[in-house]
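For reference, the structure discussed in these notes is given below.
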Amino acid sequence: MAAQAQVLPMLMIAVGLAACAVLLIPSAYYALLRVSGRPASQFPKLPRFLRPTILIWALPLVLLLGYWIAGNPSLSWLFLPILQILAIGLPALWLTYLAMRGLPLGSPQRLSGVFGSGLTLGPLLILGLETIALVAFGVIGFLYIANQPEMVEQFNRLAQLFQQGAGTEEELLRAILPWLVKPSIIFTLLVFAAVIVPLIEEAFKPIGVWLLAGFKLSPAAGFAAGALSGAGFAFFESLALTATGADWAASSVARIGTSVIHITNTGLMGWALALAWRERRYFNLALTYLTVVLVHGVWNGLAIVNLVDQVLVSQGMTGAFPGWSGLASWLGSSAPYILFGASLVMFTILLWMNARLRRSLPPVEMPAQPVTFESENVI
């Protein structure tokens, strides 16, 4: 059972990467059509039951089934990877549909290319830059510790403990906790997660929009492309952050809120980029960038505070920060509710932006004879 529990996260990541590869097939197909001189002008119409507004109703069943299967190790390895993809993909598909409906979308090749860029190129660039930033923080931390003899001694004891592999997981956690709860460590972690990471991610998540810089996108098309690029990034990130066991359902629900933040923020950046390119509204672009970085930073910061609070409570160390432990404890315990409220606010902004941009579109002349559509074009 223990070996199976260790293999399951790796299996889920492998199946997730396979799903990403499958999602890149449309982009390759439409690119091949373009090269062969037969570009497609629109996506094929999907059956009514495959509309995102219908598929989203399967999400509660997926979560309930996954919650039950996650508690059965003999079934988890077989079904949980597929349920993980559905639990992440269905909300992302629905949110993207709500962000893009009624807006100019462009050709199938453009749409699939924007999504594929957000799914692969964006995470690759972001991971590389965040790794460089993390190494820089590590070097600074090493230089700081090297000038503190007491910390050097503590660090050496901790390193020896890990090298010897002595002690249980609980004992190792107790050994590392004094480091984790140091105010300087927590402050550094907050700076990295709530400042550096949002600055990098919000600049490169709309990579699919950046690649369309020469096409003079309308603000509506920019918002739609940004939301689609953000959906690709959200899907990849959620697949990478797998959870198993009793935490699976709670983690999957939490990732829905993260998808709301990513898709809305990146949609706003796509809108601002289009305005900057068409109307030279660069101040609006800078203000939008700082706003989405702030939203992302607050989200990450609250998540870190909540995690630290959970660790302290589990180890009976709630008084580790005299003077402001009350505030930290309140933020930690209130973080899930604040994050839920932030998700609702960002979801409202997504709906409002879509409605506003649809109203801004020029009216379309109605045909002389009424036309009946069998089904709606969906994403």
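The values are calculated or read from the model by the stated rules, or taken from the named source; none is laboratory data. Quick caveat: nothing in here was measured; it's all calculated off a predicted structure. Ideal geometry is used to build each Cβ from the backbone, glycine not excepted, and the neighbour counts take in all protein chains shown.
For the residues Leu125, Leu134, Leu95, the requirement of being in a helix (DSSP H, G or I), more than 28 Å from Leu55 (Cβ to Cβ), modelled with pLDDT of 95 or more and not basic (Lys, Arg) singles out Leu125.
One line per residue, one yes/no per condition, for (1) closer than 30 Å to Ser27 by Cβ; (2) modelled with pLDDT under 90:
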position	(1), (2)
Leu273	yes, no
Arg278	yes, no
Ala320	no, yes
Phe340	no, no
Ala355	yes, no
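How many residues, within region 33-59, are among the aromatic types (Phe, Trp, Tyr) and surrounded by fewer than 10 Cβ atoms within 10 Å (Cβ to Cβ)? Residues that pass the stated criteria total 1. Tell me whether region 193-203 contains one or more residues that are within 31 Å of the chain's Cα centre (by Cα), over 21 Å from Gly122 (Cα atoms) and modelled with pLDDT of 95 or more. No, region 193-203 contains no residue that is within 31 Å of the chain's Cα centre (by Cα), over 21 Å from Gly122 (Cα atoms) and modelled with pLDDT of 95 or more.
Within region 204-254, being under 16 Å from the mean Cα position of the chain (by Cα) and not in a helix (DSSP H, G or I) holds for Lys205, Pro206, Leu241, Thr242, Ala243.
For Ala328, state whether it is modelled with pLDDT of 70 or more, assigned to a helix (DSSP H, G or I) and of a type in the set (Gly, Ala, Ser).
no
For first residues located in region 116-137 and closer than 17 Å to Ala234 by Cα, partners that are of a type in the set (D, E, K, R) and lie 6+ apart or on another chain with Cβ distances below 6 Å form the pairs Gly122/Lys205; Ile126/Glu201.
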